[in-house]
1. If the requirement is being out of contact with any Asp or Glu (no Cβ under 7 Å at 6 or more places or on another chain), at pLDDT 90 or above and surrounded by fewer than 21 Cβ atoms within 10 Å (Cβ to Cβ), which of these qualifies: 64, 70, 113?
2. Does residue 252 count as open to solvent by 60 Å² or more (accessible area, probe 1.4 Å) and outside any loop (DSSP other than H, G, I, E, B)?
3. Given the residues 207, 211, 222, which is the only one that is more than 30 Å from residue 44 (Cβ to Cβ), under 15 Å from the mean Cα position of the chain (by Cα) and among the hydrophobic types (A, V, I, L, M, F, W, C)?
4. Tell me which residues, restricted to region 55-80, are outside any loop (DSSP other than H, G, I, E, B), without any contact (Cβ under 8 Å) to a residue 60 or more places away in the chain and of a type outside the set (Phe, Trp, Tyr).
5. Would you mind stating whether residue 292 is outside any strand (DSSP E or B), open to solvent by 40 Å² or more (accessible area, probe 1.4 Å) and out of contact with any His (no Cβ under 7 Å at 6 or more places or on another chain)?
6. Which residue is surrounded by the fewest Cβ atoms within 10 Å (Cβ to Cβ), if the candidates are limited to region 213-244 and must be in contact (Cβ under 8 Å) with a residue 24 or more places away in the chain and aromatic (Phe, Trp, Tyr)?
7. State all residues of region 173-211 that are at pLDDT 90 or above, outside any loop (DSSP other than H, G, I, E, B) and farther than 25 Å from residue 239 by Cα; if no residue qualifies, say none.
8. For residue 170, state whether it is modelled with pLDDT of 90 or more, open to solvent by less than 50 Å² (accessible area, probe 1.4 Å) and among the acidic types (Asp, Glu).
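The values are calculated or read from the model by the stated rules, or taken from the named source; none is laboratory data. The structure displayed is predicted, hence computed values, not measured ones. Cβ placement follows ideal geometry from the backbone for every residue including glycine, while neighbour counts extend to all protein chains displayed. For the accessible areas, the whole protein counts, side chains as well, though only heavy atoms, and no ligand, DNA or RNA atoms are used. Shrake-Rupley method; radii C 1.70, N 1.55, O 1.52, S 1.80 Å.
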Amino acid sequence: MTTRLGLYLLLPLFALAVYIDGQRYDPSAMDFKGQQTSALTGFLPANLEGLSRDGQPRVFSKDNLFELVNGHAEFFIAAGFKQSAVAGYRAAGDEAGMPVINIDVYDMGVSENAFGVMAEEGAQAEAFDVGFMGVKTGESVMFIKGPYYVKVTAFGNGVEKLSAYAYAVDKAMTGVVSTLPQFDRLPDKGSTGRNYVRKDYLGMDFFAGVFEKKYNRGGEEFSAFVMTPKGGAEALVNKALAFYRQSGAKTEAVGLGNMKGWDIADKYEGSMTLVVSGADVIGVKGLTDGNARMAFLAEAVADAKK
């Protein structure tokens, strides 16, 4: 089904702000003196593509992450941040100051969280084949591998070899396994982007852990999503129906084979159809025609069974 190349081509295209200001090089934050231990430091080798690591990596936790990403720490913590390790690299004989490259490795707990961070930070970047999935700007390469989000930032002459540095970091992470099978439950045809939302999807706090794909088919733009609620799929749908009915939305039961489904017409979110497929809730919104929504869901269910 979905290939890794497909993942590269379907990175989010929605216009989210790229939080760069909080991650610019700050000499006060890059004080690598003193030994700090973390499993993440194993991904930051002493030597990298002819450069030497500038002392010991610095390790950050939730308590001091603001020292690394001032003004942006809450974003990472809300996305599932566990710990990060950072190192600068410079050529032998270079004077103290700005390194040639800087490498940040963030442990986001699970692959989904790492993807969500890269999707936002790299929303305006180009797809780049590194790690499990990556993107590239003029001065940075961002990629995910397992639960890790990695950012390689080049300074000065380092920009010329940015790609090589990113590949070297990827190689140092040999053995880290990545997978995002949830996106395979939604069709690839016409998909233009993908997203992961930890909570508050469509404004409902119980819509959490949502995998979304955006589509353009025949000039009509819409989106589909899938989630596996911990409390059960039908219980989640019942909460959603109660929420929409209380807000004045019109709901109607529909069927898709032997699966239960519901049409929802909301003045804010527009038309949406949900179905319960095993332990999953699959939905499609944005398509104005109810028959088109049901046809898409039938396709999604068929794809998920392959």
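1. Exactly one of 64, 70, 113 is out of contact with any Asp or Glu (no Cβ under 7 Å at 6 or more places or on another chain), at pLDDT 90 or above and surrounded by fewer than 21 Cβ atoms within 10 Å (Cβ to Cβ), namely 64.
2. Criteria met by residue 252.
3. Details: 207 fails: under 15 Å from the mean Cα position of the chain (by Cα); 222 fails: under 15 Å from the mean Cα position of the chain (by Cα).
That would be 211, the only listed residue that is more than 30 Å from residue 44 (Cβ to Cβ), under 15 Å from the mean Cα position of the chain (by Cα) and among the hydrophobic types (A, V, I, L, M, F, W, C).
4. Step one: list which residues in region 55-80 are outside any loop (DSSP other than H, G, I, E, B), which gives 58-60, 65-67, 73-78.
Checking which are without any contact (Cβ under 8 Å) to a residue 60 or more places away in the chain leaves us with 58-60, 65-67, 73-77.
If the condition is that a residue be outside any loop (DSSP other than H, G, I, E, B), without any contact (Cβ under 8 Å) to a residue 60 or more places away in the chain and of a type outside the set (Phe, Trp, Tyr), then 58, 59, 65, 67, 73, 74, 77 are the ones that fit.
5. Details: outside any strand (DSSP E or B): yes; open to solvent by 40 Å² or more (accessible area, probe 1.4 Å): no; out of contact with any His (no Cβ under 7 Å at 6 or more places or on another chain): yes.
No; evaluated as a whole, the condition is false for this residue.
6. Across region 213-244, the extreme among qualifying residues is 243.
7. Residue satisfying the conditions is 191 alone.
8. Against the criterion (modelled with pLDDT of 90 or more, open to solvent by less than 50 Å² (accessible area, probe 1.4 Å) and among the acidic types (Asp, Glu)), residue 170 qualifies.
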